[in-house]
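J.: Sharing a structure below in structure tokens format, with a few things to ask.
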Amino acid sequence: MSVLDRPLREQAAAIAAGDADAAELLDEALERIEARNPELNAIVDTFPERSREMLVEAPRGPLYGVPVAIKDEWPLPWRAYRFGAARLFSAAEPGESGPYRALRGAGAVIVGVANMHEYGAGSTGHLSVYGAAHNPWDPTRCPGGSSSGPAASVAARLVGGAVGADGIGSIRYPAAYCGITGLKPTFGRSAMEGHPVPATTTVVSGPMCTDAASCRLLGSVLFGTGLDAGDASGLRIGVVSAPVSEDCRPEVREACEAAIEALRAETGGEVIEVEIEGLDHFQIASILVGTTEMLDEMTPGELDSLGEETSLIARGLLKYRMLLSAAAVARAHRVRTMARRSLARVFEDVDVIAWPTVPAPAPPLDNPTVELPSGPRPADWANSRAGGIANLTGVPGISVPVGLSGDGLPIGLQLLAAWGRDGLLLDAAEALERATGREHTDARPAIAAPA
Amino acid sequence: MEGSGTFEDFVRAGLERLGIELDPAELAVIQAAESIYGAQIDALMRLDLGDVEPENDLDLSRAPKSS
């Protein structure tokens with residue numbers, strides 16, 4: 001098995017130990033992108049000479065010589081971001097973003113820019129100025145969004161890790177759809193400088209890797225401080241009796257319930273039913289807060305000038321946002337306060353809250369709707385019910401692969417923890433990996449068969 | 001919003017006020033979005049938030065100071 005087929009953390013260890021040559025690994029990653037990416041459209045830009053320069057200049061940091069990808073959401077010194085869109089509402093110039101500096105300082109080698117959903121405004125990845133990214137498990141399916149390319153590139157083993165961004169679940173949904181591990185950090189803890197929405201109160205950068213240990217390593221680089229491994233023993237796992245847990249495809253619900261029980265058994269913990277006051281309103285509050293944050297960058301004239309180079313859905317949704325009631329947005333911010341207090345109370349009784357990351361496996365690219373017990377639903381609506389709460393409140397969340405559907409598509413379990421307990425989420429994810437013998441963590445699509 | 005006619009009028013008038021043109025396909029997207037999210041927004045507008053004390057020192061990286 002090639003070193004490139006191993007988890008990111010093992011790639012770093014192999015290079016540090018002299019068991020792998022960083023230059024050869026970079027060449028192999030570029031060759032693999034050339035071979036596998038045409039079917040996936042996960043990577044939208046490579047720059048081999050820049051990557052080789054990064055390697056030559058790389059310090060002997062914790063990611064020395066490890067190829068990684070970065071979402072098209074931050075500038076690089078040689079490339080402006082496009083945010084997955086044809087038109088932006090503020091100047092985008094090349095530059096040193098926070099995530100770039102963090103990666104460079106750790107000795108990582110950025111090997112490519114990864115695709116994303118247009119303006120970061122979708123959970124499916126089926127819309128992008130670059131064309132849709134495809135799910136490595138089934139290229140006719142959505143890879144998830146908005147961090148579509150990072151998830152697909154990691155699942156296809158083009159790279160061992162990628163930097164994503166999560167505004168209303170945009171790391172966790174594609175992690176679930178593509179069968180990888182994705183951490184949405186506590187708000188404000190990870191590198192963000194240079195992001196297209198500088199005043200955001202919802203978006204964070206975060207690691208997307210095959211396993212929790214690799215997310216811990218890449219996350220530590222993005223945090224600028226170690227996410228040291230701890231102990232998840234005696235884990236108190238909160239579950240809710242609510243649509244977010246129950247209005248799911250049966251196979252998703254069963255896989256997540258089995259994973260929760262496996263996590264309980266592995267940690268010697270307990271499962272506790274909790275009630276989150278106001279939960280029914282947190283989805284719409286997260287959408288109102290999250291989707292209006294970029295409006296300050298956009299004038300009506302700019303919106304009016306959008307042409308067909310911008311997708312019809314994006315044009316329509318941007319115009320819809322311009323009409324949202326200011327009173328509704330103000331109320332959403334008050335609900336944010338309610339949500340934060342509700343979660344703070346719940347986290348006095350439990351360490352994590354668990355429910356499915358997404359209620360159904362990846363839908364088709366040409367029809368991104370999901371069939372739930374409550375009926376057919378747009379995937380964006382269904383997914384935001386599970387993911388928005390973390391962005392609304394600032395708490396960290398993680399998606400961990402816990403099974404495959406009957407169609408062979410990945411299923412993800414989401415864990416949420418209190419503010420600053422990002423490390424605990426990784427501890428819990430590692431416990432779950434142990435409990436399942438890494439069965440789901442190490443599962444890979446056919447396109448990623450070991451070289 | 002009560003009835004699609006009223007909503008369509010609102011959309012057209014609102015965007016016209018901003019000087020933004022609207023084509024039929026975009027209107028269909030907006031109507032679809034309203035059909036998905038409108039009821040939840042209406043419920044939010046009816047919600048009694050009088051007991052929710054504002055969090056004046058909001059710091060999203062930390063738990064609220066009072067719960």
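None of the figures in this text is laboratory data; all of them are computed from the coordinates on show. Keep in mind it's a predicted model, so treat the numbers as computed, not measured. With ideal geometry, Cβ positions are generated from the backbone for all residues, glycine too; neighbour counts draw on all protein chains shown.
J.: Explain nothing, just the number: dipole magnitude of the protein assembly as shown about its Cα centre with +1 on each Lys and Arg Cβ and -1 on each Asp and Glu Cβ, in debye rounded to the nearest 20.
T.: 600
J.: Gaussian network model of chain B, Cα springs within a sub-10 Å range: biggest mean-square fluctuation belongs to which of B:42, B:51, B:23?
T.: Most flexible of the set in this elastic network: B:51.
J.: Roughly how far apart, in whole Å, are the Cα centres of the stretch A:339-374 and the stretch A:258-321?
T.: 11
J.: Which lysines, if any, have their Cα less than 18 Å from the Cα of residue A:71, not counting same-chain residues under 8 positions apart?
T.: A:184
J.: Grab every C-alpha pair in the stretch A:34-106, bin the distances at 5 angstrom width from 0 up to the longest one, and report whole percents.
T.: Once binned at 5 Å, the Cα pair distances of the stretch A:34-106 give 3, 13, 23, 24, 18, 12, 5, 1.
J.: Next question. Per 0.36 nm of contour for each residue apart, how much would the distance between residue A:31 and residue A:326 grow if the chain were fully extended, relative to their Cα-Cα spacing?
T.: 101.1 nm
J.: Mind checking the full-extension length gain between residue A:280 and residue A:348? Use 0.36 nm per residue of separation minus the Cα-Cα distance, one decimal, nm. All intermediate terms of the calculation are to be shown ahead of the outcome.
T.: Details: separation 68, 0.36 × 68 = 24.48 nm, distance 2.09 nm.
Here the segment from residue A:280 to residue A:348 would lengthen by 22.4 nm.
J.: Let me ask something additional. Within 10 Å of each residue's Cβ, count the other Cβ atoms and sort A:389, B:20 from fewest upward. Intermediate results must be reported in sequence, preceding the final value.
T.: Details: A:389 27, B:20 20.
Sorted ascending by nearby Cβ count, the order is B:20, A:389.
J.: Counting other C-beta atoms within 10 Å, and keeping those with at most 13, which DSSP coil GluC sites (Glu not before Pro) do you find in the stretch A:384-451? Before the final figure, lay out each step's value.
T.: Values: sites: A:430, A:433, A:439; in loops: A:439.
Within the stretch A:384-451, the qualifying GluC sites (Glu not before Pro) (loop, at most 13 other Cβ atoms within 10 Å) are A:439.
J.: Ok, one more. Which whole-Hz ³J(HN,Hα) couplings does the stretch A:162-177 yield from phi under the Karplus relation 6.51 cos²θ - 1.76 cosθ + 1.60, θ = phi - 60°, glycine and proline marked x?
T.: Once θ is set to phi - 60°, the couplings for the stretch A:162-177 become 8, 9, x, 9, 9, x, 9, x, 6, 8, 6, 4, x, 4, 5, 4 Hz.
J.: Here's something else I'd like to know. So for the stretch A:1-144: antiparallel DSSP bridges make up what percent, rounded to the nearest 5? Mind showing how you got there, number by number?
T.: Values: 4 of 9 bridges.
So the antiparallel bridges in the stretch A:1-144 amount to around 45 percent.
J.: Using the C-alpha gyration tensor of the stretch A:190-324, what are the square roots of 5 times its eigenvalues, in whole angstrom, with the largest one first?
T.: Values: eigenvalues 270, 105, 41 Å².
After diagonalising the Cα gyration tensor, the semi-axes are 37, 23, 14 Å.
J.: So, one more: Please rank A:272, A:284, fewest neighbouring Cβ atoms within 10 Å first, as an exposure proxy. All intermediate terms of the calculation are to be shown ahead of the outcome.
T.: Details: A:272 14, A:284 25.
Lowest count first: A:272, A:284.
J.: Hey, if you put +1 on the Cβ of every Lys and Arg and -1 on every Asp and Glu Cβ in the stretch A:212-365, which of A:332, A:356, A:282 ends up farthest toward the positive end of that dipole?
T.: Checking the options against the dipole of the stretch A:212-365, the answer is A:332.
J.: Which aspartates and glutamates have a Cα lying under 20 Å from the Cα of residue B:65, excluding residues fewer than 8 positions away in the same chain?
T.: Counting by Cα, and skipping residues close in sequence, residue B:65 has these aspartates and glutamates nearby: A:277, A:348, A:349, A:351, A:422, B:51, B:53, B:55, B:57.
J.: So what is the 222 nm mean residue ellipticity for chain A from helices alone, if each DSSP H run of at least 4 adds -39500 (n - 2.57) and you divide by all residues, rounding to the nearest 500 deg cm²/dmol?
T.: Details: 15 runs with 175 residues, N = 451.
Here the helix-only value at 222 nm equals -12000 deg cm²/dmol.
J.: Using the C-alpha atoms of the stretch A:202-247, what convex hull volume per residue, in cubic angstrom, is computed? It would help to have the intermediate numbers written out before the result.
T.: On the way: hull volume 6.8 nm³, N = 46.
Considering the Cα atoms of the stretch A:202-247, their hull volume per residue is 147 Å³.
J.: From the phi of every residue in the stretch A:435-451, what ³J(HN,Hα) in whole Hz does the Karplus formula 6.51 cos²θ - 1.76 cosθ + 1.60 yield, where θ is phi - 60° and glycine or proline is x?
T.: 4, 9, x, 6, 3, 7, 5, 8, 5, 9, x, 4, 5, 9, 4, x, 6
J.: On average, how many beta carbons from a partner chain sit within 10 Å of the beta carbon of a residue in B:38-49?
T.: 5
J.: Share of antiparallel DSSP beta bridges in chain A, in percent to the nearest 5?
T.: Working: 32 of 45 bridges.
Here the share of antiparallel DSSP bridges comes out near 70 percent.
J.: Measure of size requested: the Rg and Dmax of the stretch A:326-451, with Cα atoms as the atom set and Å as the unit; please supply both.
T.: Gyration radius and largest Cα-Cα distance of the stretch A:326-451: 17.0, 56 Å.
J.: Quick check of the Kirkwood formula: for chain A, what is the inverse mean of 1/r over all pairs of different Cα atoms, in Å? Could the numbers behind the result be given before it?
T.: On the way: mean 1/r = 0.0470 Å⁻¹.
Value: 21.3 Å, from the Cα pair sum.
J.: Something else now. If each DSSP helix of 4+ residues adds -39,500 (n - 2.57) and the sum is divided by the residues in chain B, what number results at 222 nm, nearest 500 deg cm²/dmol? Provide the component values of the computation, followed by the final result.
T.: On the way: 2 runs with 38 residues, N = 67.
Calculated from helices alone, the mean residue ellipticity at 222 nm is -19500 deg cm²/dmol.
J.: Return, for the Cα atoms of the stretch A:305-363, the radius of gyration and Dmax in Å, separated by a comma.
T.: Taking only Cα atoms of the stretch A:305-363, I get Rg and Dmax of 18.2, 52 Å.
J.: What value does chain B have for Rg/Rh, both radii from Cα atoms and Rh as Kirkwood defines it?
T.: Numbers: Rg = 17.8 Å, Rh = 15.1 Å.
Over the Cα atoms of chain B, Rg/Rh equals 1.18.
J.: For residue A:367 and residue A:60 in one chain, what is 0.36 nm times their gap in residues minus the Cα-Cα distance, to one decimal in nm? Could the numbers behind the result be given before it?
T.: Working: separation 307, 0.36 × 307 = 110.52 nm, distance 4.63 nm.
Extending this stretch completely gives an extra 105.9 nm.
J.: Please order A:209, A:256, A:215 by the number of other Cβ within 10 Å, starting at the fewest. Before the final figure, lay out each step's value.
T.: Working: A:209 28, A:256 25, A:215 33.
So the ranking, lowest neighbour count to highest, is A:256, A:209, A:215.
J.: Across peptide A:327-339, how many C-beta atoms of other chains are within 10 Å of each residue C-beta, on average? All intermediate terms of the calculation are to be shown ahead of the outcome.
T.: Values: counts 3, 6, 2, 1, 7, 2, 3, 8, 4, 4, 8, 6, 2.
So the per-residue partner count for this stretch is 4.
J.: For the stretch A:1-157, max minus min Cα coordinate along each principal axis, in Å, sorted largest first?
T.: 43, 36, 21
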